[in-house]
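Each remark here refers to the structure printed beneath this line.
The values are calculated or read from the model by the stated rules, or taken from the named source; none is laboratory data. Quick caveat: nothing in here was measured; it's all calculated off a predicted structure. Cβ coordinates were reconstructed from backbone atoms using ideal geometry, including for glycine residues, and neighbour counts include every protein chain displayed.
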Amino acid sequence: AQSVTQPDIHITVSEGASLELRCNYSYGATPYLFWYVQSPGQGLQLLLKYFSGDTLVQGIKGFEAEFKRSQSSFNLRKPSVHWSDAAEYFCAVGDYGGSQGNLIFGKGTKLSVKP
Amino acid sequence: DAEITQSPRHKITETGRQVTLACHQTWNHNNMFWYRQDLGHGLRLIHYSYGVQDTNKGEVSDGYSVSRSNTEDLPLTLESAASSQTSVYFCASSPAGTGPFGYTFGSGTRLTVV
């Protein structure tokens, strides 16, 4: 069955430090992968998505993610974290059949940023 | 501007009562989805619809129902609310044929069952 694993429940980084959030997926075919961010009390905002082509994907707010098929991973990175990046981050895989499909989410990683 | 709205934003209800959460979108999207978000579980799919009169069960559909009588609305009904259904509920929509792409999420409804 399709699934997404985010091994880290909570990560704390210092402002200005680099960030990497881990995501591993299980999917039988070519995966469609996503990262979403949720600020406290808010809905979900799409950061970036991958479905083919270049394995390094650029997103909004200075985030990027790299698809590694051999490791079944799609880790999210940012070179320098800002205090406003404190939020919960969700990795998701697209369960896609024909022309329809839906998203399967990981359990999320909460990011705290120290001043 | 097009949008997706959920109402109410917060609701407290008693065990055993029927509750309906509203989701309305003006994107003219064919696809609509309901998820619940719980600590330690992320978001889990409850029900989804790919068009008028079409509804499908998701991963955690027990105790919930939906109906799709028009393009804009997908109300979620809890037939007999239970404390285990205390959660934050998110509605989402996407254009026809886009699969998992093009999701737009609502701001969520926080439901407490006492």
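For the reader, a short list of remarks on this structure follows.
- When A:T30 is tested against (1) at pLDDT 95 or above; (2) under 18 Å from B:P100 (Cα atoms); (3) of a type outside the set (F, W, Y), only condition (1) is not met.
- Spans of strands (runs of 3 or more DSSP E) in segment B:1-49 with at least 3 residues more than 24 Å from A:C91 (Cα to Cα): B:10-13, B:19-25
- Matching entry among A:L21, A:L48 (being in contact with an Asp or Glu (Cβ under 8 Å, 6 or more places away or on another chain), within 14 Å of chain B (Cβ to nearest Cβ), buried (at least 18 other Cβ atoms within 10 Å of the Cβ) and without any contact (Cβ under 8 Å) to a residue 40 or more places away in the chain): A:L48
- Considering residues of segment B:24-59 that are more than 14 Å from B:G108 (Cα to Cα), in contact with a His (Cβ under 8 Å, 6 or more places away or on another chain) and at the interface with chain A (Cβ under 10 Å from one of its Cβ atoms) only, the residue surrounded by the fewest Cβ atoms within 10 Å (Cβ to Cβ): B:N56
- Subset of segment B:68-85 [surrounded by 14 or more Cβ atoms within 10 Å (Cβ to Cβ) and either under 17 Å from B:S49 (Cα atoms) or hydrophobic (A, V, I, L, M, F, W, C) (or both)]: B:R68, B:T71, B:E72, B:D73, B:L74, B:P75, B:L76, B:T77, B:L78, B:A81
- Scanning segment B:61-114 for residues that are among the aromatic types (F, W, Y) and not in a loop (DSSP other than H, G, I, E, B), we see that the one that is farthest from A:Q45 (Cα to Cα) is B:Y64.
- Scoring B:G106 on the criteria (1) in contact with a helix residue (DSSP H, G or I) (Cβ under 8 Å, 6 or more places away or on another chain); (2) within 11 Å of another protein chain (Cβ to nearest Cβ); (3) not aromatic (F, W, Y) leaves a single failure, condition (1).
- All conditions in (1) at positive phi; (2) more than 12 Å from chain B (Cβ to nearest Cβ) hold for A:G108, with the sole exception of (2).
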